[in-house]
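To start, the structure under review is shown below, and the notes come after it.
The values are calculated or read from the model by the stated rules, or taken from the named source; none is laboratory data. Predicted model, so just to flag it, every value in this text is computed and none were measured. Positions of Cβ are generated from backbone atoms using ideal geometry, with glycine treated the same way; all protein chains shown enter the neighbour counts.
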Amino acid sequence: QNVSVKGTVTDATGVALPGVNIVEKGTSNGTSTDFDGNYQISVPPNATLVFSYVGFITRETPVSGKNMINITMEEDMQSLDEVVVIGYGTQLKENITGSVSSIKSEDLVNIPQVSVDQLMQGRAAGVSVTLNTGQPGSAVSVRVRGVGSIQGSSEPLYVIDGVPISGDSRNIGTSGRSIASSSNLGDDGAGSTGVSPLASLNPNDIESVDILKDASATAIYGSRGANGVVIITTKKGKKSKGTLTYNTYVGVQQPTKMLDVLDLPGYAILQNEMNEIFDLNEQVEFLRPELLGPGTNWQQEIFKTAYLQNHQLSFSGGNDGTSYYLSTGYTDQQGTVIGSGFDRISLRLNVDSKVTDRIKVGANLTASRTNEELILSGNSRGIVSLALRNNPAIAVYNPDGSYAGPTTPTEISLAVPNPIAEIENTSNNLRRSRLFGNLYAEFKLFDGLTYRTEFGGDFGYNKNDRFQKSYSYGAITIESNRLSKRREDTDFWVIKNLLTYNKLFGDKHDVTFLVGHEAQESAWNGVVSTGVGFISNDIPTLNLSDTDGDVNDEYSGSTALESYLSRLIYSYDNRYSVTASIRADGSSKFDEGNKWGYFPSISASWKISNEAFMEDFTAVQNIKLYGGYGEVGNQNISNFAYGSTLNAVSTGLGTGFLIANFPNPNLQWEESRQTNLGLDFSLFDSRLNTTIEVYRKLNSKFLYRLALTDFIVGGTGPGSIQPPWVNLGEMENKGIDVTLNYNTTPSDNFSWNSTLTFSHYKNKMLELVDGLTIFGQTNLDDTNQILTITEVGQPIGMYYGYKVEGMFRTLEDLENAPIQFGQPVGDDSVVGRTWLGDLKFKDVNGDGVVDGDDRTVIGNPHPDFTFGWQNNFNYKGFSLGIFIQGSYGNDVFNAIGRSLTATNLTYRNQLASVLDYWSVDNPNASHPRYTNNATNNILISDRYVEDGSYLRIQNVRLGYQLPSKVFEKSGISKINIYGSIQNLYTFTKYSGYDPEVGSLNQDALLMGVDNGRYPTPRTFTLGLDVQF
Amino acid sequence: CSDDFLDRPPEDSFNAAEFYGTPEQVEASTNALYSIPWYDFVSNVSWCIGDLASGTGRTWDPRNQDFDNFAITGEHNTLGQAWTSLYAVIAQANAVINAVPLAATGIVPESTINTAVGEARALRAIAYFYLVRIFGAVPIIEDNTLYVDQSSIPRNVVDDVYRFIIEDLEFAAANITYTKTSAPGRISSNGAKAMLAKVHLTRRNYQAAYNLSAEVIQSNEFDLMENYGDLFITANDNNIESVIALQWTGSGEYAEGNAVQSLYALPNITGFSDGWSAIGPSLDLQDSYEDHEQDDRYHATIMDADYYYSEINGGYTVPNNVNAQGTLKAIKKYVVGKPEFIGGGAMQSYPNNTYILRYADVLLIHAESIIMGGGGSVGEAETSINKVRERAGLAPLTNPVFEDVFQERKIEFALEMEHWYDVIRMDTADAIEYLSNVERGTWDDSQTPPVLNSKMVTVTADKLLFPYPTNETINNPALLEDPVKYYND
C-alpha cells in the first residue's frame, strides 16, 4: 500500500529549491518541487527517494514509513570544480588528457581591469599576457606557450559561449584594418592602434575561463587552434530562488613614475652648449640659465589623476526547468593621460530551459556599447613622447589663452608640437556597438544520443570620428580642419550541428563520441568619409565641409570557413582515458586545391593513483600522467592573399590602377604540430596540488609576407607592391609550465589558498628559406629603423644593432681603433668625423672596420621565465588577496630613452643625465659628446637595450564580509566591502616608465619596444557587493 | 554548403588577372604611373639631390642637411626613398608593360595597347634615368614577378642601363599615338623624343641629342609660356611648355598629390601645419642671377622680403623677417597656396604638377648639343638659348659657349630638382671644383647688418654617386659585387 510523502526541499541556507526532481528509486515514478520547494509523492513505505537537482549533490533517503521528509541539499562544489570546458563539450577534470588551464570567476572578481584578456595575466601557466599600452580599452598581447607565428596573428582564438572571436586587434584575417584611426596620415595609423576585441565583454559576467594550450586540446578547433583557444563561459542561473546582486567599485588611477627630463635651467645649459658646439646662433633668452624658473613640466601637464567606476546589477535564478542570468553593467574609466578614456554599457541575458524532457533550448546574448576616446601613443609623435621631448621653455598657453608654440623659423623646423594643443584639438572617438551570442536547441534522441544545433552571431557596428580642429600655436597656424568619419559593419555568424553519443557501459567503459558540421562566415564593410575646410570648429559634421576636399573610401569583403569535426573520448574505470579527434576545415583564404586542411590529434591519460596497486601508497595522491600529440593550423591572413588585386586610385589623369600585391596561388595552411606531456599529483592530503607540463610546439609553413628587396617591390611607400604571402620555415617553442596550488585545511576561522604559476619557453627558428633573415622595423623619430632580426638558430625578434665598447676618451684609443663607418678621425663639430667623446662601436666581425656588417644580436625580448603568485587569506569575515606577477630575463629596447639622450638637435628636451657629457673639460663623462644631426652615436645599439625583468605587486585586496545578523531582516543575504590597489609597486631596473612593454600592435617582431608607451597606472579602488 | 561558399573573390578591388579587357581600361592602366609611385622621390628626395647637394638650396633641417654636407651614408632614410620610390615606378610600369598585352591582345586595338605600353616604358626609362645618375650601376628589372623567389640579384653595368633606357624611349617614341593636344598630361611621341634627346646629351651623344631636339622643336607641338612665373600656377598645369610632368590630384588622399610645397613654403601659406621651409635658396643661387629685377625668374623662384604674389591665396605679401634656413629669403617656385585656391589638396598632398621636362629644356639641349659639336649652326644655338633668355627679360647672347648654357640652365631650372644632374655630367674634375666652391653658408642676422657665415664643403669624386641603401645591400649582397652585363651582345 502506497503512502503519501510530502516535504520541503531547501538549500544549505534554508532557501527553498523549486524544480528539484524526486524519483522513487528504481522506478519511473517521480515528481518535482513547486515554487516554494514543496513536493508530494505517493510511494511504497519501504521505497527510497532520490532527490536530484543540477549543481547539487544528489541525495537518497529511505522513506521508512515517514509521511514528512524535509531535505536540505548541498551545492556540489566538487563537481563544479572538476568539470572543464573543452570545446564542443565538457569533461571531468580527472579525465582530461590535453593541457587545459582553468581560471574561475572567484579569481577574477573585483579586479579593476575592464577587459578579460587583461585579467588572465599571471593566472595560468604557459599563458603570457602583456599590456601593450596603458590606454583604457586597448589590446593586450596574449601568447599561449611562446610565439607561434611571425606575421600572422599569434593571438589565441577566444570562444565566448560557443561563438569564436579572434584576439587579433589588427584584423589581419578580415578587413586588415584596425577599427580605430590614430594617425594624421592615412587610416592604417602609426603607433598603438589596437583596441581590444574583448572590451565588449563585461568581466563580471564571466563564470570561467578555460585555456586550451596544446594541440591535443585545440585540434577540435582545427585551423584556428594553433595559438591556443581561450574558452569563456558566462554565468548561468542555478539557484532555486532568484538572487539580485549589485557590485560596484570606484577608483582613482595615478601614473606610477615620472622620467627625469631637464627643467628649464638645465635645458638652457644644454641649448647653450649645443649652440656653441654646433656653431649655431645663440638663444639670447638662455644667457643666464641660473635666473630662469623651472619652466613647463610637460609630464605634469599631460598626466592626471583619473577616475574609474564600475556598477553591475545582476539577477539570476531558475525554476521549472528554466534558469536565467540577467545582468547590466556600466564601466567608466578615464585615462591617466588627458584626452583618453573608455566606458562601456553592457547587457547580458543567459537562459536555459527544458521545453520537454527531451528538448532543451537556450540563449546567451550580450549587447554592449563601448566608447573610447583615443590618443596616439607608442610612437615618436604620440602624446607621451611629445611631452617628454617638448622643451620646458615653451608654456602650454600664452597669456592670452592661445597655445604657445615655436615662433622662429629654426624653432618651427625643430621643435616638437605642443602635446596639449594636439590633445585638445584632436578628438578621436570610437564607439563600438555589438550584439553577440548564440541560440541552441538540444534534443535527446535516444539512449545517450543528443543532437544539438546552434546558431551563433557577432554583429558589430563601429563608429570612429576623428576631428582635427583648426588652431594656431606659436607662429604656426593650422587653418584647415579635417573630419574623418568611419562607419563599419562587421557580421559574423556560425551554424553548428552536433551529434553526441555518451554512454557508460558496464559501469566502467565511458564513451563519448561527437560528430559535427560547422559553417561560418565573416563579412565586413566600412565607409570612410573625410571632409576638410569647415568654417568653424563648432559643428563637425560632413555636410558643413568644403566639398572640394571630400575624400571617400570604402572597403568590403568576406571570408568563410566550413568544417567537419569528430571526437572520441573513451575512459575506462576512471583510470585510463583516451581522446582522439579530427577536424577538416575548408577555408576561403586559399586557392582551389589548397582550401582543405586536416587536423588530427590523439591524447591519453593514466590516473595512476586509482590503480589497485597504489592503494597502500598514500604519500602522494591524485597522480595522473597524461600526454598527447596534435596538429593544428593557422589561416589568419587577408582574404584573396593568393591572388593579385588592383587598387583604384585617383590621379591627375582620372582614376588609375596600381597593382597591390604579388600573387601566390600555392599558398596553404600554416601548420603547428604540438606534443604535450603532463603530470598531476597532490601532496599533504591533497592540500598541495601540482601540475607539471612540458611541451614542444613545432610551427611550420608560416604564413609570411616575404621580405623582398626594395628594388623588386618598391619599398613600402606609395605605389609599392606588397610582396606575396608564402609558406616558409619552421619554428620551435619548447617549454615547461608549472602550477602549484596549496590550500590550508578547511577551518572556520582561517584559510589560505595560494597558487603559483611558472612558465618557461624557449623559442628557436629552425628553418627559413635560403638563409633568409627577417627584420622587424618601425619608425623612430621619423626614421624607419631596423630593431630586430629573426634568423635560423635564434629566437624570433631578437634586438639587432651595434655593440658599444664604451667611449673614445684618449687620442691613442681613437687612433688605434677600427675606422668607424668610414669616417676619418678629427674634430668636426658638424658631422662626418669620429672624435673623442664618440661612442666606440665594436668591430664584431673583426674585419678592421666598423660598418653595417658589424650589426649583431644585442638583446633578447623573450623572458627566461614568467610567474604569477596569487594568495588568498580568509579570517572570519576578512579576506586578503595578494597577487604578485613578473617576468625575468627579458630585455627591453628603450626607444624613447634613445630619443631623450640623442643630444643631436636643439629645441628638444632630454633626460637630465645628458648634462654629464664628454668635453675636454669633462673627459670622464657618462654621456657622449654633443654631435649635430645624423650622428653615429644614436645608431641602434646595445646602449638602449635594458634588462626588463620585473616583479610587480599587481593587486592587493582587503575585503570584509559583514556578519549576516547585521542586516538579516532587510532581505539582504550578503554584503561584502573591499579596497584594492592595482599595480601597487614594481621592482625593476628598467629606467623607463614601465618594464611591461608588450608588443607594438601585437607584432611578434616588435616585442618589448618602448616607444613612448602609454604607462599603466596605479589604481586604488573601493568596492561593495550586495546580494539580495 | 554549396561549392562557392568557400570562394571569396575581392569585393573592394579588381582581380588583377581579370582586368584590362576594354580600351578604356587599357588607356587608364598608365594613369597612376604619372603620380603616386613618384610621391616619395619628388616630395622628399629629389630636391635634396637636385638642389641641396648641388648648392642651389641650403638647409639646417636635420633630415636633409647631410645632402648639403655630403655626409650621406647607406643608412640615410631620405636617400633610401629615392631608391624605393623610383623602383616603385619601375615595378608598377612593369606590371602594365607585362599585363596589358597579355590580357588585352585580341580584344583591344593593337595601337591602344602599344600606346599604353609605350607610356609605361617611357616612365620606366625616366625612373631608370634618375637611378643611374644617382646610384650608377643598378639592377635592371623587366618582370618583377620573376624575382620573387630570388635572393641574390646582381646590378647591371651603367652602359647597359642607358641602353635599356634608350630602347624604352625609342619604343615609346615609335608607338605612342598621343599628342599634346589629343591627350593633355600624357607623354606624347614627341615628348618621348625630347626625353631621349636629354638622355643622349647626358651620354654626350651630341649628334643624336641635336637631331632629336631639332625634331621636337620643328614639330611645333610645344612652345614657351609667355610669362615665366605662369609656369608655376596650378591652373596652368599641362600648359604648352609642359613636355613631361607628373600629374597629381587635389583628392586630399595621401600621396595622390605632391608634398613639395610642404617642404618649400614658409609657414602659414598652405593652411596646414606644413610649410616647413625646410630648404632655402642658397646664397650662391641668389648671387647667380644677372639681375634680381631684370630677370623675371628671380621673383618667380625666390621670395624676398615684402614681395607680393597675386597668385598665392588671392594675394600674398612675404613677411619682412623672411628667413628660410639662414638665407634671409625663401622659395617661391612650386609654392602654390591653400587647397581652396588650387583646386583641392590636403596637408602634404597638393595637386600642382611636377615638371620632369619642359620646352625650355628642349631649347637648351638643342643649344648645348650644337655648341658641343653635334651639328647645326651657331645661329640655331643662339636662337634657342636666346628664346629662353628673352622670355626671362634678359639681353640675347651671341656665340654662346658651354658655360653660358650651364649658367642658363642653373637659373632657368633653379629649385626644380635639376641642377645636380647638370653638374655631374661635366668632367669629374670640373664637377668637383664647382661643388667645392659653392657658397653653402648663411647670414647671421643676430647682428646688424647681417654677417656672412661662409661655408664650403670639399667634395671628392666618390661623392658624385650616392651609396646604395644599407638595408638593400644586406638583403641582396650582390649589389656590392661588380656589376654585370645585361645584354649579351
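Determine, yes or no, whether B:Glu290 is closer than 19 Å to B:His419 by Cβ, part of a loop (DSSP other than H, G, I, E, B), in contact (Cβ under 8 Å) with a residue 60 or more places away in the chain and more than 23 Å from the chain's Cα centre (by Cα).
Yes; evaluated as a whole, the condition is true for this residue.
Can you name the number of the only condition in (1) away from chain B (no Cβ under 14 Å); (2) not in a strand (DSSP E or B) that A:Asp591 fails?
Here A:Asp591 clears every test but (1).
Of everything in the range B:343-373 that's of a type in the set (Gly, Ala, Ser) and buried (at least 23 other Cβ atoms within 10 Å of the Cβ), which residue is farthest from B:Lys180 (Cα to Cα)? Lay out the reasoning, then the answer.
At the first step, the residues of the range B:343-373 found to be of a type in the set (Gly, Ala, Ser) are B:343-346, B:349, B:360, B:367, B:369, B:373.
In the following step, the residues that additionally are buried (at least 23 other Cβ atoms within 10 Å of the Cβ) were identified as B:344-346, B:349, B:360, B:367, B:369.
Values: B:Gly344: 25, B:Gly345: 25, B:Ala346: 29, B:Ser349: 26, B:Ala360: 16, B:Ala367: 23, B:Ser369: 25 Å.
Here the answer is B:Ala346.
Of all residues in the range A:675-729, which are under 18 Å from B:Glu472 (Cα atoms) and part of a strand (DSSP E or B)?
Across the range A:675-729, the qualifying residues are A:Arg705, A:Gln722.
Mind checking which residues of the range A:932-966 are within 14 Å of another protein chain (Cβ to nearest Cβ) and part of a helix (DSSP H, G or I)?
Step one: of the range A:932-966, the residues within 14 Å of another protein chain (Cβ to nearest Cβ) are A:932-941.
Within the range A:932-966, A:Asn936, A:Asn937, A:Ile938 meet the criteria.
With the requirement that a residue be closer than 30 Å to A:Gly89 by Cβ, within 14 Å of chain B (Cβ to nearest Cβ) and of a type in the set (D, E, K, R), what does the range A:525-582 give you?
Hit for the range A:525-582 is A:Glu562, nothing else.
Could you check how many residues of the range B:67-80 are assigned to a helix (DSSP H, G or I), without any contact (Cβ under 8 Å) to a residue 60 or more places away in the chain and surrounded by fewer than 24 Cβ atoms within 10 Å (Cβ to Cβ)?
So in the range B:67-80, the residues assigned to a helix (DSSP H, G or I) come out as B:67-69, B:77-80.
Keeping just the survivors that are without any contact (Cβ under 8 Å) to a residue 60 or more places away in the chain gives B:67, B:77-78.
With the extra rule that they be surrounded by fewer than 24 Cβ atoms within 10 Å (Cβ to Cβ), the set shrinks to B:77-78.
So the count comes out to 2.
Quick grid of which residues meet (1) within 18 Å of A:Ser138 (Cα to Cα); (2) in a loop (DSSP other than H, G, I, E, B); (3) over 21 Å from the mean Cα position of the chain (by Cα):
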| site | (1), (2), (3) |
| --- | --- |
| A:Ser327 | no, no, yes |
| A:Thr331 | yes, no, no |
| A:Phe342 | yes, no, no |
| A:Leu349 | no, no, yes |
| A:Asp352 | no, no, yes |
| A:Thr370 | yes, no, no |
| A:Ser380 | no, yes, yes |
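Got a sec? Which of A:Gly654, A:Gly597 is surrounded by fewer than 24 Cβ atoms within 10 Å (Cβ to Cβ), free of Cβ contacts under 8 Å to residues at least 24 places away in the same chain and closer than 30 Å to B:Thr145 by Cβ?
The match here is A:Gly654.
If only one of B:Asn238, B:Asn258 is surrounded by fewer than 21 Cβ atoms within 10 Å (Cβ to Cβ) and either under 16 Å from the mean Cα position of the chain (by Cα) or modelled with pLDDT of 95 or more (or both), which one is it?
B:Asn238
Considering each of A:Tyr629, A:Tyr642 in turn, give the residue that is in a strand (DSSP E or B) and at pLDDT 90 or above.
A:Tyr629
Of the conditions (1) under 19 Å from the mean Cα position of the chain (by Cα); (2) closer than 30 Å to B:Ala395 by Cα; (3) within 13 Å of chain A (Cβ to nearest Cβ); (4) assigned to a loop (DSSP other than H, G, I, E, B), B:Ala245 clears all except one; give me its number.
Unmet condition: (4).
I'd like to know if the range B:449-462 contains one or more residues that are of a type in the set (D, E, K, R), in contact (Cβ under 8 Å) with a residue 40 or more places away in the chain and not in a loop (DSSP other than H, G, I, E, B).
Within the range B:449-462, none of the residues are of a type in the set (D, E, K, R), in contact (Cβ under 8 Å) with a residue 40 or more places away in the chain and not in a loop (DSSP other than H, G, I, E, B).
Pick out the one residue from B:Tyr147, B:Tyr178, B:Tyr130 that is without any contact (Cβ under 8 Å) to a residue 60 or more places away in the chain and surrounded by 17 or more Cβ atoms within 10 Å (Cβ to Cβ).
B:Tyr147
Which residues, taken from the range A:863-915, are assigned to a loop (DSSP other than H, G, I, E, B) and either within 19 Å of A:Phe286 (Cβ to Cβ) or hydroxyl-bearing (Ser, Thr, Tyr) (or both)? Write out each step before concluding.
Of the residues in the range A:863-915, the ones assigned to a loop (DSSP other than H, G, I, E, B) are A:863-864, A:876-877, A:889-890, A:900-910.
Passing the criteria: A:Thr901, A:Thr903, A:Asn904, A:Leu905, A:Thr906, A:Tyr907, A:Arg908, A:Asn909, A:Gln910.
Of all residues in the range A:774-793, how many are away from chain B (no Cβ under 12 Å) and within 30 Å of B:Gln81 (Cβ to Cβ)?
5
Inspect all residues belonging to the range A:291-302 and state whether any of them is in a strand (DSSP E or B), of a type outside the set (Phe, Trp, Tyr) and buried (at least 21 other Cβ atoms within 10 Å of the Cβ). Steps first, please.
The first filter runs over the range A:291-302 and keeps only residues in a strand (DSSP E or B), leaving none.
Scanning the range A:291-302 turns up no residue that is in a strand (DSSP E or B), of a type outside the set (Phe, Trp, Tyr) and buried (at least 21 other Cβ atoms within 10 Å of the Cβ).
I'd like to check something: does the range A:220-238 contain any residue that is at positive phi, more than 14 Å from every other protein chain (Cβ to nearest Cβ) and in contact with a helix residue (DSSP H, G or I) (Cβ under 7 Å, 6 or more places away or on another chain)? Working first, answer last.
Going residue by residue through the range A:220-238, those that are at positive phi are A:222, A:228.
Within this subset, residues satisfying the condition of being more than 14 Å from every other protein chain (Cβ to nearest Cβ) are A:222, A:228.
Subsequent filtering for residues that are in contact with a helix residue (DSSP H, G or I) (Cβ under 7 Å, 6 or more places away or on another chain) retains A:228.
Taking every residue of the range A:220-238 in turn, at least one turns out to be at positive phi, more than 14 Å from every other protein chain (Cβ to nearest Cβ) and in contact with a helix residue (DSSP H, G or I) (Cβ under 7 Å, 6 or more places away or on another chain).
Can you tell me which residues in the range B:1-51 are outside any helix (DSSP H, G or I), touching a strand residue (DSSP E or B) at 6+ places or on another chain (Cβ under 8 Å) and at the interface with chain A (Cβ under 7 Å from one of its Cβ atoms)?
B:Cys1, B:Arg8, B:Pro9, B:Pro10, B:Glu11, B:Asp12, B:Ser13, B:Phe14, B:Asn15, B:Phe19, B:Ser29, B:Ser35
Let's see how each residue does on (1) of a type outside the set (Ser, Thr, Tyr); (2) surrounded by 18 or more Cβ atoms within 10 Å (Cβ to Cβ); (3) touching a His at 6+ places or on another chain (Cβ under 9 Å):
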site	(1), (2), (3)
A:Glu521	yes, yes, no
A:Gly531	yes, yes, no
A:Ser536	no, no, no
A:Leu565	yes, yes, yes
A:Tyr576	no, no, no
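Only one of B:Ser152, B:Ser182 is in a loop (DSSP other than H, G, I, E, B), of a type in the set (Ser, Thr, Tyr), within 26 Å of B:Asn114 (Cβ to Cβ) and within 14 Å of chain A (Cβ to nearest Cβ); which?
From the options B:Ser152, B:Ser182, the qualifying one is B:Ser182.
Restricting attention to the range A:243-294, and to residues there that are touching a residue at least 40 places away in the same chain (Cβ under 8 Å) and of a type in the set (Gly, Ala, Ser), which single residue is nearest to the other protein chains (Cβ to nearest Cβ)?
A:Ala268
Out of all the residues in the range B:210-219, is one or more of a type in the set (S, T, N, Q), free of Cβ contacts under 8 Å to residues at least 60 places away in the same chain and either outside any loop (DSSP other than H, G, I, E, B) or over 26 Å from B:Gly136 (Cα atoms) (or both)?
Of the range B:210-219, the ones of a type in the set (S, T, N, Q) are B:211, B:213, B:218-219.
Right, trim to free of Cβ contacts under 8 Å to residues at least 60 places away in the same chain and you get B:218-219.
Filter once more, so that each one left must be either outside any loop (DSSP other than H, G, I, E, B) or over 26 Å from B:Gly136 (Cα atoms) (or both): B:218-219.
Scanning the range B:210-219 turns up at least one residue that is of a type in the set (S, T, N, Q), free of Cβ contacts under 8 Å to residues at least 60 places away in the same chain and either outside any loop (DSSP other than H, G, I, E, B) or over 26 Å from B:Gly136 (Cα atoms) (or both).
Go through the residues of the range A:853-862 one by one and say whether even a single one is surrounded by fewer than 19 Cβ atoms within 10 Å (Cβ to Cβ), part of a strand (DSSP E or B) and at pLDDT 90 or above. Give the derivation first.
Going residue by residue through the range A:853-862, those that are surrounded by fewer than 19 Cβ atoms within 10 Å (Cβ to Cβ) are A:853, A:856-857.
Still in the running and part of a strand (DSSP E or B): A:856-857.
Right, trim to at pLDDT 90 or above and you get A:856-857.
Yes, some residue in the range A:853-862 is surrounded by fewer than 19 Cβ atoms within 10 Å (Cβ to Cβ), part of a strand (DSSP E or B) and at pLDDT 90 or above.
From the list B:Ala245, B:Ala305, pick out the single residue that is hydrophobic (A, V, I, L, M, F, W, C) and farther than 22 Å from B:Ile187 by Cα. Walk me through how you get there before you give the answer.
Values: B:Ala245 fails: farther than 22 Å from B:Ile187 by Cα.
Just one listed residue meets the conditions, B:Ala305.
Select, from A:Asp465, A:Asp489, A:Asp507, the only residue that is surrounded by fewer than 19 Cβ atoms within 10 Å (Cβ to Cβ) and in a loop (DSSP other than H, G, I, E, B).
Just a single option satisfies the conditions, and that option is A:Asp507.
Please determine, by comparing only the residues of the range A:717-773 that are within 14 Å of chain B (Cβ to nearest Cβ) and free of Cβ contacts under 8 Å to residues at least 40 places away in the same chain, which one is nearest to A:Ser153 (Cα to Cα).
Among them, the one singled out is A:Thr773.
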